Structures are given as structure tokens and as C-alpha cells.
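Each value in this text was obtained by applying a stated rule to the coordinates, not by laboratory testing. No experiment lies behind these values; they were computed from the predicted model shown. Every residue, glycine as well, gets a Cβ built from its backbone with ideal geometry; the counts of neighbours run over all protein chains shown.
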Amino acid sequence: MSIDKQKKSAMLGFLLHLHPKMVNEQSLKYSRTFGLGGMSALLFFILAFTGLLLRFSYVPTPENAYDSIIAMQSQSIFGGLIRNIHHWSAMLMIITVFLHLIRVFYSQSIYYERKRNWYYGLILFSIVLAFNFTGYLLPWDQLSFWAVSIMTNIVEYIPFIGHGLANLIRGGETVTGNTLLNFYNFHTALFPLLFIGFMMMHFWLIRKAKGVTIADNTETKMVNTHPELIYKEAVVALVLITSILLFSMFFDAPLLDKANPMISPNPSKAPWYFMGIQELLINLHPIMVSLIIPIMLVSFFILIPNVKIDKQKVGTWFYSKTGKQITLTSSIIAVLLSFALILILEITAHLNSLDLPLFVSTGVIPFALYIIPVLAFLFYLSKMRKANTIELIIAIMSMILSSYLLMSFVGVFLRSEGMHLIF
């Protein structure tokens with residue numbers, strides 16, 4: 001056997017090791033998964049490769065970090081392009097992993113033997129966010145410095161442990177060179193190791209569960225993984241790499257002036273993927289944002305795979321025709337309700353005129369103004385539309401996602417100086 005054939009055989013063996021030898025023909029439809037899981041994995045390897053190249057030029061100190069970025073972009077061969085690829089791949093990875101989680105949820109692929117993989121997916125998404133957050137500070141410009149300052153200040157609102165946790169993350173009371181060094185080590189050492197470990201477990205569980213979830217009432221014709229699946233994955237990979245390369249050639253990664261702790265931009269905003277949290281903090285009491293709401297959300301995400309579901313419905317998008325209608329209706333109601341509350345709270349200045357305790361006026365009342373209509377809507381779905389437990393879970397998830405996306409949009413595009421609303 002020639003060397004080329006041996007290499008080809010070894011590569012094919014590795015790819016087949018990630019997949020079953022035979023796959024359901026229905027799983028090859030692009031609309032089944034949209035290639036999101038594979039794209040996320042590929043983006044990680046692109047980030048690992050470009051990040052390794054960037055390490056040769058980057059200096060993780062407040063005095064030299066910004067200048068090393070400038071020198072990298074202006075003096076290194078393809079230095080600017082490599083940084084652009086790294087930056088935009090990181091942004092895209094947040095989107096693909098998020099959409100992958102949403103796809104898995106709405107296709108009912110989180111139950112029975114796939115329950116553990118739902119939890120691993122949540123962990124991987126958290127690591128991706130941490131990856132991006134720690135990498136966000138490394139350019140050490142005004143954008144990154146104040147975004148990280150905002151987010152670490154939000155951590156301080158967590159009762160009892162917030163101040164100590166924020167100081168541990170920052171390496172002190174404020175964002176300094178210690179913070180930069182901590183973030184650099186997290187970004188280039190700890191988080192890559194964690195991601196690789198959990199990703200390997202994630203892929204192994206997918207393989208153990210025999211690949212993509214297919215509903216029991218779907219045709220079960222099996223085809224060879226090679227070439228039917230491998231070739232399609234190769235095409236998706238080539239399209240993704242080409243798209244990132246072209247985008248990076250025409251659009252530079254953002255870089256403002258060098259970080260200045262004495263001059264705060266107005267407005268100062270968190271990274272776009274955390275803007276929903278900052279928007280929540282503008283409208284709600286810090287205890288609600290840092291403790292009560294996170295506990296409710298984490299509990300919900302942990303509990304939903306334990307709900308009993310008809311096995312024949314596993315792999316069915318939106319569970320049923322009613323579930324599809326509920327998804328659309330819930331999303332629209334959540335967007336309208338969230339935007340109406342943001343306007344009300346902006347106009348009434350958080351209801352402080354009622355002379356109530358701050359936690360009540362900025363916490364309990366605004367939260368009640370959201371949760372009571374939501375509970376009424378869920379009651380309507382249960383009694384009038386005869387929605388079952390799974391369809392109600394779909395409604396709740398749709399409202400959570402839509403509300404957060406709306407708040408992120410408002411925070412990014414509709415907040416101006418002093419974080420006041422503009423139109």
C-alpha cells in the first residue's frame with residue numbers, strides 16, 4: 001500500500017471512529033441538524049490553530065499587550081488576517097453552539113439515553129462563553145477593558161460570595177495586569193483542556209446513542225457513513241472555512257484605543273453575548289439578576305430532560321403541530337411583553353416613586369409584571385389549548401430565549417449615553 005493510501009485510510013478510520021459504520025438515511029438531511037455540531041467542533045480547531053499562531057506575537061502585560069496587537073497587525077505576515085479569523089471564528093462559535101443547543105431541544109433530543117449529553121452540551125456552551133469572555137480582554141483596549149470591568153462588577157452582586165469571587169477572577173479589586181494574566185492563562189490553557197475533555201465525552205455519547213436522533217415513525221433505511229455522510233461533512237467544512245476566510249479579509253476585528261482605567265466610555269457595555277444580562281441589571285434589582293433568576297433558569301434546564309415523553313416523539317421537531325404553533329405564539333408574546341416592560345420601567349424610573357423598599361420596587365414588582373402574564377398564558381395553553389407537559393416546556397423555553405434575545409438587541413442597539421433608550 002502506498003504512503004498516500006495509508007494516510008487516506010488512517011484519516012478515514014479516524015472519521016469513521018467518530019461515527020457509526022452505518023447511519024440512517026434520514027439523518028443525512030441538512031435540515032435535520034444544519035451541521036451545527038460539526039461546525040462548532042471545526043471552529044474550535046480553527047481557534048486553536050490561529051490562537052497558537054497569535055501566541056508567538058502576543059505579550060500578556062498591560063504595558064505591551066495592546067502594542068503587540070498593533071505590531072502583529074502591521075508588521076507580521078498575515079498577522080492581521082490571523083487575528084481576524086480568530087476573532088470572527090470565536091464570535092461565530094457562540095452562535096453555532098447556541099443554535100446547536102436550541103436545535104437539540106426543539107427536536108426533542110434530550111430525553112432518555114441522550115439526557116447526559118444535554119448536560120454536557122450546557123457545560124460546553126458555558127465553556128465557550130468563558131472562552132470568549134477571557135479572550136475579550138486580551139487586546140487590552142477600551143472596548144475590552146470596560147466590558148470586562150462591567151461583567152466582573154456584576155459578579156459582585158452575588159450574595160455572600162460575589163465580592164470574593166469577583167476578586168478571584170480579577171486577581172484584585174479592579175481589572176489590572178493580574179486580571180490580564182489570569183484571563184490569558186484561562187484562555188490559552190485551562191479552558192482548551194476542559195473543552196477538549198467535555199467535547200470528547202460529548203462525541204462519545206453521540207456515538208453511543210447511534211448518532212442523530214430520528215423519530216420512530218421515520219423511515220429507517222441505513223446507508224454507509226462513507227461516503228454518504230463524510231462527503232457532506234467535508235462540503236460543510238469547506239464552505240465554513242471559505243466563508244470565514246473571506247469575511248476576515250474584508251472586516252477587521254474591533255480594536256479601540258489602548259485601555260485607560262481613568263476614562264470610561266459612555267456608554268460602557270458588556271460583550272454582546274452578555275448584553276442581555278446587563279439589560280436585566282438595568283431593569284431589575286441585582287439580587288434578582290445575580291441569584292434568583294439564575295437559580296430558576298439552571299433548575300429549569302436541569303429538570304426538563306427528566307420529564308416523561310412518548311419515545312415515538314423523540315426526534316420530532318417541536319413535538320407536535322400544536323408545539324410548533326405554541327413556539328411561534330410564545331416567542332411573539334415574550335418579545336412584546338419584554339419590550340413593553342422595558343419601556344414602562346424606563347418611563348417610570350423603576351417605580352421608585354412608590355416609596356417601597358428597593359428590592360420590592362426594582363425586583364419583586366417588575367418580575368411580577370413579567371411572570372404573572374406568563375403564568376396566565378401557560379394556564380391558557382393548558383386549559384384552552386390542551387397543551388401537555390412537553391408543549392408547556394416548549395412554551396417556557398421559547399419565552400426565555402425570546403426575552404433574552406430581545407434584551408440583548410435593546411442593550412446593543414437601543415442604549416445610548418447613560419444607557420438611556422434611543423430609537
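Data overview
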| read-out | value |
| --- | --- |
| For the chain, built as a Gaussian network whose Cα springs stay under 10 Å, the top-fluctuating residue of 138, 246, 341 | 246 |
| Cα-based Rg of the stretch 266-423 normalised by 2.2 N^0.38 Å, two decimals | 1.14 |
| Rounded if a/c under 1.5, otherwise prolate or oblate - the stretch 73-193, Cα gyration tensor axes | oblate |
| At R0 = 51 Å, FRET efficiency that the Cβ-Cβ distance of residue 417 and residue 63 yields, to 0.05 | 0.95 |
| Max mean-square fluctuation residue, GNM over the chain, Cα-Cα springs under 10 Å, options 249, 199, 407 | 249 |
| Within straight-line cross-link reach of residue 258, lysines at Cα separation under 25 Å, skipping those fewer than 8 residues along the same chain | 269 |
| Mean Kyte hydropathy of -1.0 or more with a Cα span along the axis of at least 30 Å, helices from DSSP in the chain | 79-106, 115-137, 225-250, 321-347, 389-413 |
| GNM top mover of 266, 153, 64 - the chain, alpha-carbon springs below 10 Å | 266 |
| Relative packing of peptides 170-178, 313-321, 290-298 - highest average C-beta neighbours within 10 Å first | 313-321, 170-178, 290-298 |
| Value of relative contact order over the chain, rounded to a whole percent, pairs C-alpha under 8 Å and six or more apart | 22 percent |
| Cα gyration tensor shape for the chain, rounded if a/c is under 1.5, else prolate or oblate | oblate |
| Cβ-based exposure ranking for 140, 88, in which fewest neighbours within 10 Å come first | 88, 140 |
